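The structure appears below as structure tokens.
The values are calculated or read from the model by the stated rules, or taken from the named source; none is laboratory data. As the structure is a computational prediction, the values presented were derived from the model and not from experiment. All Cβ positions, glycine included, derive from the backbone under ideal geometry; neighbour counts span all protein chains shown. Surface areas here come from the heavy atoms of the whole protein model, side chains and all, with no ligands, DNA or RNA. Shrake-Rupley method; radii C 1.70, N 1.55, O 1.52, S 1.80 Å.
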Amino acid sequence: MESSQVSIFAVEVQPNELHSRMQMTDVVNRRRMRHAHMVNITPEIMTQGMRADFLAIDRLSQAVLDKVRAATYVRATTPAGTDIHAQLNPDYRWFKTSGIISTEKWGNLPGGECFTAPGEVNGVFVVDGVVGDFLCARYGILRAHPLTINIEGNRITRVSSENKALERDFWAYTHTDENSDRVGEFAIGTNIGVDRVIGNILQDEKFPGIHIAFGDPYGAHTGAPWKSSTHIDVVGLEFSIWLGDAHGEEQIMRDGQFLLDA
């Protein structure tokens with residue numbers, strides 16, 4: 001990798017390997033490589049999310065990016081009970097990873113999201129989609145037994161689920177180190193080429209809507225000054241999303257459908 005300009009990482013995720021992937025992406029970031037990150041890529045993803053029109057996704061992602069960069073907060077709800085408010089920090093940068101990979105930011109494939117590190121998130125996030133890392137393969141789609149996460153001051157205060165094994169595993173994962181329970185990523189999925197979650201975080205986090213992650217904030221890109229040894233995404237379904245500033249609010253998604261022209 002020290003002598004390359006392009007790299008592709010296509011693997012099946014294993015428990016406790018995140019640190020090695022972070023070491024690899026440290027090289028990618030330092031050398032500004034064009035890097036495709038394809039953790040848990042499957043034939044199903046290759047015939048779904050990877051067949052999307054990434055030029056159209058890039059146009060939509062840019063339209064979302066322009067609006068969120070001007071906003072001071074994001075408010076979002078879902079029919080399952082999510083009700084969150086994310087205050088944005090103007091010192092933290094927004095990025096898009098739309099499937100068109102540049103030297104500015106390596107990208108997960110399939111692409112399709114805009115993300116930042118939030119200033120502070122408060123509220124309830126109901127995970128009726130999927131959770132990330134190796135827990136995704138273990139528990140799959142959570143629509144029948146969602147995971148409810150209470151968040152105060154950007155930290156997890158309580159989790160609950162009818163699936164007590166999921167509840168215990170998620171709590172243990174998000175209490176690995178002092179920042180594992182801290183919201184490190186706030187993102188809006190923009191891959192309009194997928195129409196459902198499939199139980200694979202690589203594609204499901206790009207599903208139109210909001211996903212957040214607890215743990216490392218990708219500080220090399222976002223500018224957030226803290227770190228964590230863990231990073232786990234959670235995905236909800238059927239979001240309605242509003243962006244706000246001193247002049248009021250604008251709704252950009254209703255029941256999982258974007259309201260933007262792009």
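Limited to segment 228-247, what total is found for residues that are farther than 30 Å from Gln23 by Cβ, of a type outside the set (A, V, I, L, M, F, W, C) and assigned to a loop (DSSP other than H, G, I, E, B)? Please lay out each step first, then the result.
Within segment 228-247, the subset farther than 30 Å from Gln23 by Cβ is 236-247.
After this cut, where a residue has to be of a type outside the set (A, V, I, L, M, F, W, C) as well, the list is 236, 238, 240, 244-245, 247.
Filter once more, so that each one left must be assigned to a loop (DSSP other than H, G, I, E, B): 236, 238, 247.
Looking only at that region, the number is 3.
Going by what's in this entry, would Ser160 be described as buried (at least 20 other Cβ atoms within 10 Å of the Cβ), of a type in the set (Ser, Thr, Tyr) and at pLDDT 95 or above?
It is false that Ser160 is buried (at least 20 other Cβ atoms within 10 Å of the Cβ), of a type in the set (Ser, Thr, Tyr) and at pLDDT 95 or above.
I'd like to verify a number: residues in segment 214-238 that are of a type in the set (Phe, Trp, Tyr) and at pLDDT below 95, how many? Walk me through it before giving the result.
Going through segment 214-238, the residues of a type in the set (Phe, Trp, Tyr) turn out to be 214, 218, 226.
When the remaining residues are screened for being at pLDDT below 95, the result is 218.
The number of residues fulfilling the criteria is 1.
How about segment 115-153: which of its residues are farther than 19 Å from Thr230 by Cβ, outside any strand (DSSP E or B) and among the hydrophobic types (A, V, I, L, M, F, W, C)?
Within segment 115-153, Ile141, Leu142, Ala144 meet the criteria.
Among what's in segment 41-74 and is of a type in the set (Val, Ile, Thr) and at pLDDT 95 or above, pick the residue that is farthest from the chain's Cα centre (by Cα).
Step one: of segment 41-74, the residues of a type in the set (Val, Ile, Thr) are 41-42, 45, 47, 57, 64, 68, 72, 74.
Of the ones still in play, those that are also at pLDDT 95 or above are 57, 64, 68, 72, 74.
Values: Ile57: 16, Val64: 15, Val68: 15, Thr72: 19, Val74: 15 Å.
Ranking the candidates gives Thr72 first.
With the checklist (1) closer than 30 Å to Arg143 by Cα; (2) buried (at least 16 other Cβ atoms within 10 Å of the Cβ) in hand, flag the one item Met46 doesn't pass.
(2)
When the residues of segment 169-204 are filtered to those that are free of Cβ contacts under 8 Å to residues at least 24 places away in the same chain and outside any loop (DSSP other than H, G, I, E, B), which remaining residue is nearest to Gly123 (Cα to Cα)?
The extreme case among them is Trp171.
Identify the residue in segment 202-244 that is open to solvent by 10 Å² or more (accessible area, probe 1.4 Å) and acidic (Asp, Glu) and, among all such residues, is farthest from Gly49 (Cα to Cα).
Asp216
Can you tell me how many residues in segment 111-126 are surrounded by fewer than 24 Cβ atoms within 10 Å (Cβ to Cβ) and acidic (Asp, Glu)?
Summing the residues that are surrounded by fewer than 24 Cβ atoms within 10 Å (Cβ to Cβ) and acidic (Asp, Glu) in segment 111-126 gives 1.
For segment 239-255, how many residues meet the condition of being at pLDDT below 95 and under 16 Å from Thr190 (Cβ atoms)?
Residues meeting the conditions: 0.
Consider Leu166 carefully, then state whether it is in a helix (DSSP H, G or I), of a type outside the set (Ser, Thr, Tyr), open to solvent by less than 30 Å² (accessible area, probe 1.4 Å) and modelled with pLDDT of 95 or more.
Working: in a helix (DSSP H, G or I): yes; of a type outside the set (Ser, Thr, Tyr): yes; open to solvent by less than 30 Å² (accessible area, probe 1.4 Å): yes; modelled with pLDDT of 95 or more: yes.
It is true that Leu166 is in a helix (DSSP H, G or I), of a type outside the set (Ser, Thr, Tyr), open to solvent by less than 30 Å² (accessible area, probe 1.4 Å) and modelled with pLDDT of 95 or more.
What residue, of Thr176, Thr190, Thr148, is open to solvent by less than 50 Å² (accessible area, probe 1.4 Å) and over 18 Å from Asp83 (Cα atoms)? Write out each step before concluding.
Details: Thr176 fails: open to solvent by less than 50 Å² (accessible area, probe 1.4 Å); Thr148 fails: over 18 Å from Asp83 (Cα atoms).
Going through Thr176, Thr190, Thr148 in turn, just one is open to solvent by less than 50 Å² (accessible area, probe 1.4 Å) and over 18 Å from Asp83 (Cα atoms): Thr190.
Among the numbered criteria (1) open to solvent by 10 Å² or more (accessible area, probe 1.4 Å); (2) touching a Lys or Arg at 6+ places or on another chain (Cβ under 7 Å), which one does Gly248 miss?
That leaves (2) as the condition not met.
Name the pairs whose Cβ atoms lie under 8 Å apart, with the first residue in segment 1-17 and open to solvent by less than 100 Å² (accessible area, probe 1.4 Å), the second hydroxyl-bearing (Ser, Thr, Tyr), and 6 or more positions between them or separate chains?
If the second residue must be hydroxyl-bearing (Ser, Thr, Tyr), the pairs left are Met1/Ser7.
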